[in-house]
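Undergrad: Got a structure for you, questions after.
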Amino acid sequence: MMRSHYCGHLNAGLEGQTVTLCGWVHRRRDHGGVIFLDIRDREGLAQVVFNPENVDTFATADRVRSEYVVKATGVVRRRPDGATNPNLASGEIEVIATGLEILSQADTPPFPLDEHSDVGEETRLRFRYIDLRRPEMAEKLKLRSRISSSIRRFLDDNGFLDVETPILTRATPEGARDYLVPSRTHQGSFFALPQSPQLFKQLLMVAGFDRYYQIAKCFRDEDLRADRQPEFTQIDIETSFMDESDIMGLTETMIRNLFKEVLDVELGEFPHMPYEEAMRRFGSDKPDLRIPLELVDIADQLKDVEFKVFSGPANDPKGRVAALRVPGQGAMPRGQIDDYTKYVGLYGAKGLAYIKVNERAKGPEGLQSPIVKFIPEDNLNTILDRVGAVDGDIVFFGADKAQVVSDALGALRIRLGHDLNLLTAKWAPLWVVDFPMFEENDDGSLSALHHPFTSPKCTPDELKAAPGAALSRAYDMVLNGTELGGGSIRIHDKQMQQTVFEVLGIDEAEQKEKFGFLLDALRYGAPPHGGLAFGLDRLVMLMTGANSIREVIAFPKTQSAACVMTQAPGTVDARQLRELNIRLREQAKTEG
């Protein structure tokens, strides 16, 4: 071992001892003929003092620059009164150097590593190995490691087996696009990278490994958003002979223990909320319960008004008219309302109607709004009573297809909550339950809301008769408006699985081709089983307070799914393509 201690582990208990530190020069300062080096390693910083009496060592320290890698030996002593640094773990002490060796020189880094420098993300990702030297980045990855360890320990202690599943598999319709890998040995055929280990973990249940887990890499070739990556990590869990309440109880205990152990946070109770209630009250299937604003349905009051913007959706079975009351914001300036109108436009809303409640006692005269004239006074009063409006409030309205209203007002609710500092708690967990089995596509066909292996709460015949009304045995854990994980009880009966495939328009030939192995497995004694998968990246992002999952992944991709450090994806030479029997289209070549 070259080092005796990590820099961040030094403390006053080591006073008088000789220590050897290895790390990077974080900062170099000359003070009245004495040189101070702050040396940094993954555990923190330590201050090393070089006196001119020690001629050779002082001369070496004089040559050192930022980010040189050094090995320093010296004696630990307490810092003089008034010179302690309460921000450092080792801030009570310093090391009086007796030796210094330069292990590696460094060019000037492309950006300074102090916490105050503001560097573009592209540059940080290009030099990610330097970015990760920054103490706050190192902290996030260390916390990620502790989170993984805590989860593994909990699952190991509860009888779960860690089993690896294949990375090269076959394409399955799981929602997003697959990443495809051409096969050299089976020309013209392709492997797919797994979007999740779903089918393999179900087959492990059929094989009798009744408690499985894996911290698994998953891949999705989808259009990226701020919190999506083409490759991400999933805490994958599957169990047999446990129902919903057992699985939810176990995983809830796991997350409670994790927060207690890693953050020393006691998570309060996890309420259970049906999907229908979450959409109705919060416009989202992952509601942020820290924000005390709610959507209120008012379509019944607007069916007969002449204003088509309201009466159209109010009379449409697939429409929705909802109001969102914001207490005490009646003086909101016009420019701010215009900003919010633009914002809901991103979610498909064509506008944002509002009423400022100045003085309710004056009737319509006491209301300031372009829409008051379209609504009879009785209906207006009923609406204001229903949302609980009092003088000084503003009420926003959405009227459109139900999904658009829920998305737009749901997003506005979150935005207002943050803009106006309305958050009532630091953490608000819940379970969302009773999801519909299917959602309707624009062309009237159905697709699975979770995935096609989720068990419905009804019989195969009931499912066939009314697929749109069927609820599933699915459950999502939500924290602060982020879905941490989702799961379900799976189908373990072949007839039920085939019925779900039929409802989804997957005919017998396609069932056999894509899922033959699963349907076969269900013939040979499949136990009742279910599970859950947590997004590890999202969990770490929430627990570290990071703004994006890119901040908690060591080497993430950019929003265009590229790695600017290694320049991936890249081209491959013609010989490799020939071996794979692949020819690039001319257009793609020139575009590339």
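The values are calculated or read from the model by the stated rules, or taken from the named source; none is laboratory data. Since the structure is predicted, the reported quantities are computational estimates derived from the model, not experimental observations. Positions of Cβ are generated from backbone atoms using ideal geometry, with glycine treated the same way; all protein chains shown enter the neighbour counts.
Undergrad: At least 1 residues that are of a type in the set (D, E, K, R), assigned by TED's automatic domain parsing to the domain that holds N547 and within 21 Å of the chain's Cα centre (by Cα) in each: list the strands (runs of 3 or more DSSP E) lying fully within segment 169-285 that qualify.
TA: In segment 169-285, 211-219, 231-240 are the strands (runs of 3 or more DSSP E) which contain 1 or more residues that are of a type in the set (D, E, K, R), assigned by TED's automatic domain parsing to the domain that holds N547 and within 21 Å of the chain's Cα centre (by Cα).
Undergrad: Something else now. K514 passes all but one of (1) within 28 Å of S149 (Cα to Cα); (2) out of contact with any Phe, Trp or Tyr (no Cβ under 6 Å at 6 or more places or on another chain); (3) buried (at least 16 other Cβ atoms within 10 Å of the Cβ); (4) not hydrophobic (A, V, I, L, M, F, W, C); which number fails?
TA: (1)
Undergrad: For T571, indicate whether it is under 21 Å from R144 (Cα atoms) and under 33 Å from the mean Cα position of the chain (by Cα).
TA: Judged against the criteria, T571 is not a match.
Undergrad: Something else: Where residues in segment 489-546 are assigned to a helix (DSSP H, G or I), basic (K, R) and in contact (Cβ under 8 Å) with a residue 24 or more places away in the chain, which of them is nearest to G468 (Cα to Cα)?
TA: Restricting to residues being assigned to a helix (DSSP H, G or I), basic (K, R) and in contact (Cβ under 8 Å) with a residue 24 or more places away in the chain, the top hit is K494.
Undergrad: Then there's this: Only one of these is on the phi < 0 side of the Ramachandran plot, touching a strand residue (DSSP E or B) at 6+ places or on another chain (Cβ under 8 Å), crowded, with 20+ Cβ neighbours inside 10 Å and at pLDDT 95 or above: A323, A299. Name it.
TA: Step by step, each of A323, A299 is checked, and only A323 is on the phi < 0 side of the Ramachandran plot, touching a strand residue (DSSP E or B) at 6+ places or on another chain (Cβ under 8 Å), crowded, with 20+ Cβ neighbours inside 10 Å and at pLDDT 95 or above.
Undergrad: Given (1) in contact with a strand residue (DSSP E or B) (Cβ under 9 Å, 6 or more places away or on another chain); (2) within 19 Å of E252 (Cβ to Cβ); (3) not small (G, A, S), where does C458 come up short, assuming only one miss?
TA: The number of the failed condition is (2).
Undergrad: Separate question: How many of the residues in segment 254-271 are out of contact with any strand residue (DSSP E or B) (no Cβ under 6 Å at 6 or more places or on another chain) and more than 17 Å from F154 (Cβ to Cβ)?
TA: Residues that pass the stated criteria total 2.
Undergrad: For L479, work out the one condition from (1) at pLDDT below 95; (2) farther than 28 Å from P527 by Cβ; (3) buried (at least 19 other Cβ atoms within 10 Å of the Cβ) it doesn't fulfil.
TA: (1) is the only condition that L479 fails.
Undergrad: To continue, here is another question. For segment 423-449, give me each residue that is at pLDDT below 95, out of contact with any helix residue (DSSP H, G or I) (no Cβ under 9 Å at 6 or more places or on another chain) and surrounded by 14 or more Cβ atoms within 10 Å (Cβ to Cβ).
TA: S447, the sole residue that qualifies.
Undergrad: For A470, which of the numbered conditions (1) out of contact with any Asp or Glu (no Cβ under 8 Å at 6 or more places or on another chain); (2) free of Cβ contacts under 8 Å to residues at least 40 places away in the same chain; (3) not acidic (D, E) fails to hold?
TA: Among (1) out of contact with any Asp or Glu (no Cβ under 8 Å at 6 or more places or on another chain); (2) free of Cβ contacts under 8 Å to residues at least 40 places away in the same chain; (3) not acidic (D, E), the lone unmet condition for A470 is (1).
Undergrad: Moving on to the next point. Can you pull out every residue in segment 572-582 that is surrounded by fewer than 11 Cβ atoms within 10 Å (Cβ to Cβ) and assigned to a loop (DSSP other than H, G, I, E, B)?
TA: Matches in segment 572-582: D573 only.
Undergrad: Would you be able to tell me the number of residues in segment 456-476 that are more than 15 Å from Q495 (Cα to Cα) and surrounded by 14 or more Cβ atoms within 10 Å (Cβ to Cβ)?
TA: 8
Undergrad: At least 1 residues that are small (G, A, S) and within 24 Å of the chain's Cα centre (by Cα) in each: list the strands (runs of 3 or more DSSP E) lying fully within segment 339-449 that qualify.
TA: It comes to 446-448.
Undergrad: With the checklist (1) at pLDDT 90 or above; (2) out of contact with any Asp or Glu (no Cβ under 9 Å at 6 or more places or on another chain); (3) polar (S, T, N, Q); (4) more than 26 Å from T18 (Cβ to Cβ) in hand, flag the one item T108 doesn't pass.
TA: (2)
Undergrad: Here's a follow-up. Scan segment 71-83 for residues that are loosely packed, with under 15 Cβ neighbours inside 10 Å and not aliphatic (A, V, I, L, M) and jot them down.
TA: Answer for segment 71-83, where residues must be loosely packed, with under 15 Cβ neighbours inside 10 Å and not aliphatic (A, V, I, L, M): R78, P80, D81, G82.
Undergrad: Now for a different question. When V390 is evaluated against the numbered criteria (1) surrounded by 14 or more Cβ atoms within 10 Å (Cβ to Cβ); (2) modelled with pLDDT of 95 or more; (3) in contact with a strand residue (DSSP E or B) (Cβ under 8 Å, 6 or more places away or on another chain); (4) farther than 21 Å from L289 by Cα, which criterion, by number, is the only one it fails?
TA: Every condition holds for V390 apart from (1).
Undergrad: What number of residues in segment 184-206 are more than 23 Å from G487 (Cα to Cα) and either in contact with a strand residue (DSSP E or B) (Cβ under 6 Å, 6 or more places away or on another chain) or not hydroxyl-bearing (S, T, Y) (or both)?
TA: 6
Undergrad: Quick check: anything in segment 80-102 touching a strand residue (DSSP E or B) at 6+ places or on another chain (Cβ under 8 Å), more than 22 Å from H9 (Cβ to Cβ) and part of a loop (DSSP other than H, G, I, E, B)?
TA: For segment 80-102, residues touching a strand residue (DSSP E or B) at 6+ places or on another chain (Cβ under 8 Å), more than 22 Å from H9 (Cβ to Cβ) and part of a loop (DSSP other than H, G, I, E, B): absent.
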